[in-house]
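Have a look at the structure below, then the notes.
The values are calculated or read from the model by the stated rules, or taken from the named source; none is laboratory data. Predicted, not measured: the structure shown is a model, and the values here were computed from it. Every residue, glycine as well, gets a Cβ built from its backbone with ideal geometry; the counts of neighbours run over all protein chains shown.
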Amino acid sequence: VVWFPQVPMLRTLDGGRTIKQVKGAHHGDHHDIWIDPKNPKRMIGGNDGGVDLSWDGGETWYAPPLPLGQFYHVAADMSVPYRVSGAMQDLGTASCPSNSLASGGISNGDCHDVGGGEAGFTAHDPSDPNVVWAGEYFGIITRYDHRTGMARNVTAYPENFSGHGAEDDRYRFQWTAPIHISPHNPGVVYHAANVLFRTEDGGQSWKAISPDLTRNDKSKQKWSGGPITGDNTGVEWYDTIFAVAESPKEKGLIWVGSDDGLVHVTRDGGDNWTNLTPNIKGIPEWGTISLIEPSPHDAATAYLTVDAHRLDDTRPYLWKTTDYGRTWKSLAAKLPQDIYLHAVREDPKRRGLLYLGTERGVEFSRDDGATWQILGLNLPTVAVHDLVVKDDDLVLGTHGRSMWILDDLTPIREWSKEIADKPAHIFPPRPAVRWEYRSSFHEDGAGENPPRGAVITYSLKKKTDGEITMEIVDPAGAVVRTLTSKKEEPEVQDDDPDAPGRPRERAVLTTEAGVQRVAWDLNYEKATKIKKAKTEGDPEAAPRVLPGTYTVRLTVEGKTVTAPLEVRPDPRLSVPLSDIDEQVAFARKVQAQVTRLATLVAQIRSVRDQVKLRSDALSGNARATDWTKAAQDLVARCDALEEKLHQPKAQVDYDILAKGARLYARLSPLLDYVVDGTGAPTKGMREVFNDQVRELDGLGTEWKALLSGDLAALGRKGRELNLQEVVVPEATATGR
C-alpha cells in the first residue's frame with residue numbers, strides 16, 4: 001500500500017500496478033500524510049484546507065474545525081461592530097464580524113466570502129462598508145456588495161496567463177497583487193502589477209499611472225516547473241509590485257515597493273516617480289519589499305519592511321524615512337537577528353508606537369524602533385503576515401492560525417514609568433455598549449467574541465495578598481456593582497444533572513503584578529437566591545445599567561484609584577431612553593421581590609433549624625414533653641409554608657413540573673422576561689408581577705402570624721426550661 005499526496009489524494013493497493021483517487025477529504029492540494037505505525041487505519045492528512053482525520057484507513061474522513069487559515073493580508077471596515085476580511089491560501093476570501101453579537105461566539109456561518117480568491121488583498125470602501133474589493137492571482141480583482149452578495153469582476157486586463165512564463169505576459173501581477181483605496185477619495189482605487197493601475201469609476205476602466213517599477217529581469221520570468229508538469233499558476237511570477245500605500249497626510253504621495261527590491265515614490269499622483277532604492281543603505285538586493293507604512297502623523301515619514309528569506313537571509317530588515325525617502329534609518333538593531341519581517345504599522349493615535357508582524361509573532365516599540373518587546377499574551381508562535389490598527393484594536397492576519405484581534409490598545413499606548421511606579425492604576429476604559437445578543441444555533445468551531453460589557457484594564461505594581469475590590473458607581477453616587485478578587489465556589493457542581501453546559505463566568509479580579517483585565521457585564525448586582533433550590537428561570541438575572549457615565553473605583557490595600565466609564569445604548573436600536581429607564585426600574589423591583597422571597601425562605605429555615613436543634617437536645621426530657629410537641633408542630637408549619645414558596649424536595653429542575661410551579665419558580669422566569677431585550681415592560685408583565693407580589697404579601701403575613709403566635713408561645717414555654725431564645729434573621733425591604 002502506497003499513498004501519493006498531491007492535488008488529489010491517490011493510493012495504490014497492489015504495489016503500483018493500479019492507482020486510484022481516495023475521496024472524502026474536505027479539501028485538495030495534499031502535502032503530507034501520517035499513518036500510525038501501530039494502527040495503519042488511523043491516519044492524519046494535511047492539505048491546503050487544514051487537517052483530515054481517518055480511523056478506517058482512508059475510507060472516510062473527518063475535518064475538525066480548527067483555526068488554521070493562512071491569511072496573506074487583513075483589512076477592517078467601518079461597520080459597527082466592524083468586520084475583518086482577508087484572503088486565505090486555497091480557501092478564498094473571508095469576511096467575519098469582530099463581534100457576532102451571538103451567544104456562542106463567531107461561527108463559520110457568520111463569515112462568508114467577498115469575491116476575489118485565495119491570494120491577495122481585500123480592501124473596504126470607507127464610505128460604504130457594503131463594498132469590498134478583493135484580489136486573486138493573475139491580477140483578478142472583484143468588487144463585492146454585501147447587500148446583494150454579488151462579486152463583479154473588474155480586472156484591469158482579464159487575460160488567462162496560465163501555463164506561461166511571466167516574460168510572455170503583458171502585465172506581471174504578483175500572486176498577492178496589492179489593492180489600495182485612496183485615504184483621500186474612496187472612489188480612487190489602486191491595483192498593482194509591474195505597473196500601478198488606478199480606477200476612478202468602480203473598476204470599469206483602469207489607467208496605468210506609472211512605468212514598470214521593477215527590475216524587469218527577463219532571466220527571472222521564465223517558464224517554471226517540470227519535468228512532468230509546469231507550475232505556472234501565477235505564484236512563480238517575479239519582478240512585480242508587492243506593496244502600495246498612499247499617505248493619509250498628503251494626497252498623491254504614493255509609495256511603491258517591489259518583490260525584487262525596489263522602492264519608488266511619487267508626490268504628484270503618478271506623473272513623476274523617484275527610485276529611492278539607492279538611498280536605503282544595506283537593503284538586500286532582490287529582497288521583497290513586503291510592506292510600506294506611510295505615517296498617519298507626518299507626510300514625510302514612512303516605514304518599510306523587507307523579507308529576504310527566499311535569498312536564504314532570515315535577518316530582520318526595517319527602515320524609516322522622515323524626508324520623503326531621501327534618507328533612511330534602520331530600526332532593526334534591537335530586534336532578534338534570526339526572524340524575518342512581514343509588516344509594520346504605526347499607531348494612528350500615538351506617534352512612534354510601532355507594531356511589527358514577524359515570522360514568529362508580533363513585536364512592538366514605544367520609542368519609534370529604538371527598543372522592541374514581544375507582544376505575546378495568548379498568541380501562538382506563528383507567522384504574522386499582516387496587521388492593522390482598527391480604532392483601538394490590533395487585527396492580525398497569521399499564516400497558519402487564522403485571524404486574531406487584540407482588544408483595546410489603551411494600555412500599550414498609555415504605558416509609562418509613572419504608571420509602572422503607581423501601586424494601582426486604571427487605564428481609561430473605552431465606551432461600553434449595551435449590545436443585544438442573539439442565541440446561536442450552531443457553535444462548533446466558533447471563534448471568540450470580545451467579552452460582553454465593559455473591559456476594564458488595570459495595573460498593579462506588586463502582587464497583592466489581600467482582597468481587592470472594584471466598584472462601579474452610577475452618576476448619582478450609588479454603587480451598582482462590586483467586583484472582587486475573591487473566588488466563589490460554584491453552587492452547582494459539574495456532576496449535578498442541572499449543571500449548565502456553558503456556566504456563567506464570574507468576573508474575578510487578578511491580584512498578580514502587572515497589567516490585568518476584567519470584564520463587567522454592565523449588569524446590576526444580582527438578587528439573593530434560595531441556596532441549592534431548584535427552579536425555573538434565573539433568579540440571579542439582572543438588568544443592565546442605564547446609558548450614562550459611571551465611575552470605576554479600584555481599591556487596593558486601602559488606596560483607591562478611579563476612572564470614568566461611558567455606557568452607550570445599542571446603536572442598532574431606536575428604543576427611547578425613557579423606555580429603558582422604565583425597564584431597569586421595573587426589573588429592580590422584580591429583583592427586590594426575588595430577594596424578599598429568598599430571605600423569607602432563609603428566615604423559615606433558620607427558625608426551623610434552631611427549633612429542631614433544641615428539640616433534639618431535649619429528646620427524652622420528661623419536663624419538655626409539651627415543649628417538644630409544640631416544637632414539632634412549629635417545624636411542620638415551617639415546612640408547609642416553605643413548600644408554598646418553592647419546592648424544597650425537588651432534586652432536579654424538572655421536578656418543578658410534578659406539582660406545579662410555586663411562587664419562586666414563577667417569579668424567577670418573570671425576572672428573565674423583564675431583563676430580556678431592551679424595551680419598556682409590557683402590561684402583562686406588570687399584571688403578573690402585581691399578582692405575584694400580592695401572593696408573596698399573603699405568605700409574608702402568614703409567616704408573621706406564625707412568628708407572633710406559635711413561635712412566641714414556644715418561646716414562653718422555652719424560658720420556663722431555660723432554653724435559648726430562637727433568633728429570627730432580619731427581613732429585607734420589599735422593594736415595592
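What to note about this one:
- The numbered conditions (1) surrounded by fewer than 16 Cβ atoms within 10 Å (Cβ to Cβ); (2) in a loop (DSSP other than H, G, I, E, B); (3) among the hydroxyl-bearing types (Ser, Thr, Tyr) are all true for residue 214 except (1).
- Of the numbered criteria (1) more than 30 Å from residue 13 (Cα to Cα); (2) touching a strand residue (DSSP E or B) at 6+ places or on another chain (Cβ under 6 Å), the one residue 65 fails is (2).
- Residue ID - surrounded by the most Cβ atoms within 10 Å (Cβ to Cβ), chosen from residues in the stretch 158-184 that are in contact (Cβ under 8 Å) with a residue 40 or more places away in the chain, over 31 Å from the mean Cα position of the chain (by Cα) and closer than 30 Å to residue 251 by Cβ: 173
- Some residue of the stretch 336-348 being closer than 26 Å to residue 80 by Cα and surrounded by fewer than 19 Cβ atoms within 10 Å (Cβ to Cβ): yes
- Any hit, the stretch 665-686, residues being under 25 Å from residue 726 (Cβ atoms), at pLDDT 95 or above and in contact with a Ser or Thr (Cβ under 9 Å, 6 or more places away or on another chain): no
- The stretch 362-380 - residue that is of a type outside the set (A, V, I, L, M, F, W, C) and over 19 Å from the mean Cα position of the chain (by Cα) and, of those, surrounded by the most Cβ atoms within 10 Å (Cβ to Cβ): 363
- When residue 149 is tested against the conditions (1) surrounded by fewer than 21 Cβ atoms within 10 Å (Cβ to Cβ); (2) in contact (Cβ under 8 Å) with a residue 60 or more places away in the chain; (3) more than 18 Å from the chain's Cα centre (by Cα), the lone failure is (2).
- Restricting the stretch 624-642 to residues that are more than 56 Å from the chain's Cα centre (by Cα) and of a type in the set (Gly, Ala, Ser) leaves a set whose member that is modelled with the lowest pLDDT is 624.
- Within the stretch 337-353, being under 26 Å from the mean Cα position of the chain (by Cα) and over 15 Å from residue 382 (Cα atoms) holds for 344, 345, 346, 347, 348, 349, 350, 353.
- Being surrounded by fewer than 16 Cβ atoms within 10 Å (Cβ to Cβ) and either modelled with pLDDT under 95 or farther than 30 Å from residue 109 by Cβ (or both) is true of residue 448.
- The set of residues from the stretch 651-688 being under 34 Å from the mean Cα position of the chain (by Cα), of a type in the set (D, E, K, R) and not in a loop (DSSP other than H, G, I, E, B) comprises 653, 672.
- Pair list, Cβ < 8 Å and 6+ apart or interchain, from the stretch 27-49 residues that are outside the structural domain of residue 402 (by TED's automatic domain parsing) and touching a residue at least 12 places away in the same chain (Cβ under 8 Å) to residues that are of a type in the set (Ser, Thr, Tyr) and surrounded by 12 or more Cβ atoms within 10 Å (Cβ to Cβ): 41/54; 42/54; 43/54; 45/54
Residues are listed down the side, and each one gets a yes or a no for (1) over 48 Å from the mean Cα position of the chain (by Cα); (2) touching a residue at least 40 places away in the same chain (Cβ under 8 Å); (3) loosely packed, with under 13 Cβ neighbours inside 10 Å; (4) in the same structural domain as residue 712 (by TED's automatic domain parsing):
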position	(1), (2), (3), (4)
602	no, yes, no, yes
607	yes, yes, no, yes
622	yes, no, yes, yes
645	no, yes, no, yes
649	no, no, yes, yes
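- Apart from one condition, residue 462 fits all of (1) surrounded by fewer than 18 Cβ atoms within 10 Å (Cβ to Cβ); (2) under 25 Å from residue 415 (Cα atoms); (3) at pLDDT below 95; the exception is (3).
- The residue list 538, 521 contains one member that is at pLDDT below 95 and not assigned by TED's automatic domain parsing to the domain that holds residue 606, which is 538.
- The residues of the stretch 247-300 that are out of contact with any Phe, Trp or Tyr (no Cβ under 7 Å at 6 or more places or on another chain), of a type in the set (Asp, Glu) and either assigned to a strand (DSSP E or B) or closer than 19 Å to residue 199 by Cβ (or both), listed by number, are 268, 271.
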